[in-house]
Amino acid sequence: MKPPYPIFLAMAIVMAVLSGCDKGQPAAIKSSESNAKVVLLPAQLPQSITAVFFTDVKTGYVAGGGGGIYKTFNGGDSWQAENSNTNLPIYGLYFIDSNKGFAVGGESSCGGTGCVPPGGFILRTLDGGQSWARVYTPVEKTEITSVYFVNTNVGFCVGNNVIYKTTNGGLAWTAQAIENLGGKMMQIKFTDDKNGFIICLFDKIVQTDDGGLTWKVTSPQTNTGYYSIASAGGVTYVGGQGKVIKSTNNGNSWSVLANSPADVFAIYFKNSKNGIALGRGNYSGGDFGHSYASIYTTSDGGDSWTGSSDITGYSAINAVSFPNQSVGFGITGNKIIKITY
């Protein structure tokens, strides 16, 4: 699974070298011109983290490549394991309220002669993550990568080239395949109850303007894949393998932000102008090197960006959840970062 994949905003350069990470001490990137900062929290989880969702600044959930789901009550300082009832990877989390939430994932492939992949799943909790039950298993043997609810009843999940929809709060799901898509679906997000986007690999975006009744496949013509989408103030931003792209007309046309970073796995905008892009930075070099993290911010709608692609102390930031406009939480390996401004 390539990192996708559902950060926040600061209006200054994010530049600092992290220290003390190997000793488990909090390390911060702090702008000298604003109060924006990123802190690596001390907790390390027992598996690589692939999904994150916070319902408020204290309460949040992360899930991992081994099927683990973990919950925090203190803003990520410590975590407790929940009973997910799966050991398959979880790629997406979404909570409708403090009690009702969904987790999606699975595996589309396996090794060995005669092997049958386990396929995907949708899990649901009704008690704030204490217990999880499988509510849907797709007929297609494909992993599910993202989940999003428009309201308490209407929700969507996506995986490979299939859209799954519920109209009764997740009790029942229907599947709709997008034929000849030519790019794996990575993330789904609605900007309102009618307009939704599914961003995909291989330069594809699937869109709806009628609440998911019909979908059309478009291509921004960038020849790259997309990982993350954000929308605020009538403007939509998409990050991925190449430069960030932007639409001001509900995806009818897209422009490439030439000064933006590439390899953006997570993007968040507070409003139409102010946003943050996080992802994979430069390579450390050597046969056994690793990628640094990157964090960039903009205050002018993406025309200019400030930040760094050489943030040490942890590797690529793969996803972020912002419970409010001032505080967000990101995942990197088996660690959690906290972003404030």
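The values are calculated or read from the model by the stated rules, or taken from the named source; none is laboratory data. The model shown is predicted, which means the values in this text are computed figures rather than measured ones. Cβ coordinates were reconstructed from backbone atoms using ideal geometry, including for glycine residues, and neighbour counts include every protein chain displayed. The area values use the complete protein model at the heavy-atom level, side chains included, leaving out ligands, DNA and RNA. Shrake-Rupley method; radii C 1.70, N 1.55, O 1.52, S 1.80 Å.
With among the aliphatic types (A, V, I, L, M), touching a Gly at 6+ places or on another chain (Cβ under 6 Å) and more than 27 Å from LEU123 (Cβ to Cβ) as the only criterion, which of VAL217, VAL264, VAL256, VAL238 stands out?
Exactly one residue qualifies, and that residue is VAL264.
Hey, could you check region 18-77 for residues that are acidic (Asp, Glu) and at pLDDT 90 or above and say which is nearest to the chain's Cα centre (by Cα)?
ASP56
Under 16 Å from the mean Cα position of the chain (by Cα), open to solvent by 10 Å² or more (accessible area, probe 1.4 Å) and either closer than 18 Å to VAL158 by Cβ or β-branched (Val, Ile, Thr) (or both): is that true of SER231 in this structure?
It is true that SER231 is under 16 Å from the mean Cα position of the chain (by Cα), open to solvent by 10 Å² or more (accessible area, probe 1.4 Å) and either closer than 18 Å to VAL158 by Cβ or β-branched (Val, Ile, Thr) (or both).
Considering only region 322-329, I want to know if a residue exists there that is in contact with a Phe, Trp or Tyr (Cβ under 6 Å, 6 or more places away or on another chain), among the β-branched types (Val, Ile, Thr), at negative phi and at pLDDT 90 or above.
no
Check off (1) aliphatic (A, V, I, L, M); (2) more than 15 Å from the chain's Cα centre (by Cα); (3) open to solvent by less than 40 Å² (accessible area, probe 1.4 Å) for LEU213 and give me the number that stays unchecked.
(3)
So, of the residues in region 234-246 that are closer than 17 Å to THR191 by Cα and not basic (Lys, Arg), which turns out to be surrounded by the fewest Cβ atoms within 10 Å (Cβ to Cβ)?
The extreme case among them is GLY234.
Would you list the strands (runs of 3 or more DSSP E) that sit entirely within region 255-341 and hold 1 or more residues that are of a type in the set (Lys, Arg) and within 20 Å of the chain's Cα centre (by Cα)?
Result: 275-283, 335-340.
Out of the residues in region 71-102 meeting the condition of being of a type outside the set (S, T, N, Q) and farther than 23 Å from ILE188 by Cα, tell me which one is most open to solvent (accessible area, probe 1.4 Å).
Of everything passing the filter in region 71-102, PHE73 is most open to solvent (accessible area, probe 1.4 Å).
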